[in-house]
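Everything below concerns the one structure shown next.
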Amino acid sequence: MVWIVIIVLIILLPFLLVIFFGAPYVPTFTQDLHDIFREIHLPQKAVVVDLGSGDGRLLVIAAKKGYTAIGYEINPILWAISVWRLRKYPRAHTYLKSLWKADVRNADLVFTFLNKIYAGKLEKKLLDEMKPGSYFSSFGFAYGNLELIKKHRANHIYKL
Ligand SMILES: C[S@@+](CC[C@H](N)C(=O)[O-])C[C@H]1O[C@@H](n2cnc3c(N)ncnc32)[C@H](O)[C@@H]1O
């Protein structure tokens, strides 16, 4: 019985701890993710990055469209699920790594669904690192210092 409790705690722990590093795991509806790609025009060989990529659902959509899809996820369970889901797509990759260490310099689109308290820190990283003309999509929360070009349901799309 004690072992079952310990195993359950080990599984739950990464889901609880992430609250202090970015956001808890709350998946975005697939339809909302498809909508992002309808709202913006990306180059054929675009690089799409999901900061806090969860189970990899955005990366699967991007990879199916032929884009290079890169995710950063610190929850090892979600990371493992996304590695499995992306196994058929050679241009897709998930790093078991903090999103604060992500390389977004080559990204054409960065997506995130993060807690609002990290907006200032993330905004600074994006403004410092992303190339002009690239897109940033935030699900759920607005970012005050970026140029909002579209808002569709809870998706805020910005142009750098
Ligand atoms: C709200 S969920 C969004 C998941 C996915 N992007 C989606 O839209 O379905 C936020 C994700 O970010 C991850 N996360 C939180 N802080 C992180 C950090 N510092 N580095 C990498 N991932 C992080 C969580 O584990 C969780 O999977």
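Below are the figures for this structure:
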| item | result |
| --- | --- |
| Beta bridges by DSSP in segment 2-159, antiparallel share as percent, to the nearest 5 | 35 percent |
| Net charge over other residues, Cβ less than 12 angstrom from the Cβ of TYR25 (K, R count +1; D, E count -1) | -1 |
| Packing-based exposure ordering (other Cβ within 10 Å, fewest first) of LEU78, LEU58, LEU114 | LEU114, LEU78, LEU58 |
| Dipole of the chain [Lys/Arg +1, Asp/Glu -1 at C-beta], most positive-end residue of LEU9, PRO24, ALA62 | ALA62 |
| Cβ-based charge dipole, the chain, positive-most Cα from VAL104, HIS93, GLY120 | HIS93 |
| Extension reserve of the LYS131-ARG91 stretch, reckoned as 0.36 nm per residue once the Cα distance is removed | 12.3 nm |
| Crossing angle, helix 76-85 versus the chain [Cα axis fit, 0-90 degrees, rounded to tens] | 60 degrees |
| Surrounding net charge for ARG85, when Lys and Arg each add one and Asp and Glu each subtract one, Cβ distance under 13 Å | +1 |
| Distance in nm between pseudo-label sites at ASP103 and LYS124 (7 Å out along the Cβ direction from Cα) | 2.3 nm |
| Net charge over other residues, Cβ less than 15 angstrom from the Cβ of ILE61 (K, R count +1; D, E count -1) | +1 |
| Sequence-distant residues sharing a close amide H with TYR95 (under 5 Å, placed H) | GLY71, TYR72, GLU73 |
| Loop-located chymotrypsin sites (Phe, Trp or Tyr not before Pro) in segment 1-82 whose Cβ has at most 12 other Cβ within 10 Å (DSSP) | PHE29 |
| LYS131, LYS97 arranged by Cβ crowding within 10 Å, fewest neighbours leading | LYS131, LYS97 |
| Ranked LEU99, LEU59, LEU9, criterion: other C-beta atoms within 10 Å, fewest first | LEU9, LEU99, LEU59 |
| Crossing angle, helix 119-129 versus the chain [Cα axis fit, 0-90 degrees, rounded to tens] | 60 degrees |
| Helix axis angle, 2-17 relative to the chain longest principal axis, alpha carbon, degrees | 20 degrees |
| Hz values of 3J(HN,Hα) by residue in segment 55-69 - Karplus curve (6.51, -1.76, 1.60), Gly and Pro given as x | 7, x, 4, 5, 5, 5, 4, 5, 5, 5, 7, x, 7, 7, 10 |
| Global geometry of the chain, whether rounded, prolate or oblate, following the gyration tensor of its Cα atoms and the 1.5 cut on a/c | prolate |
| Segment 1-145 - charge dipole about Cα centre, Lys and Arg +1 at Cβ, Asp and Glu -1, debye rounded to 20 | 360 debye |
| Distant-in-sequence amide H partners of SER134 (H built 1.01 Å from N, under 5 Å) | LEU160 |
| Cα-based reach from LYS121 at 16 Å (exclusive), listing aspartates and glutamates while leaving out same-chain residues under 8 positions away | ASP103, GLU129 |
| Residues of type lysines that LYS116 reaches as a straight line, Cα spacing below 28 Å, ignoring anything fewer than 8 places off in the same chain | LYS97, LYS101, LYS124, LYS125, LYS131, LYS150, LYS151, LYS159 |
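Just so you know, all these numbers are worked out from the coordinates, no wet-lab data involved. In this text, all values refer to a predicted model and were calculated from it rather than measured experimentally. Because the Cβ atoms are built from the backbone with ideal geometry, glycine has one as well, and the counts that use them run over all protein chains shown.
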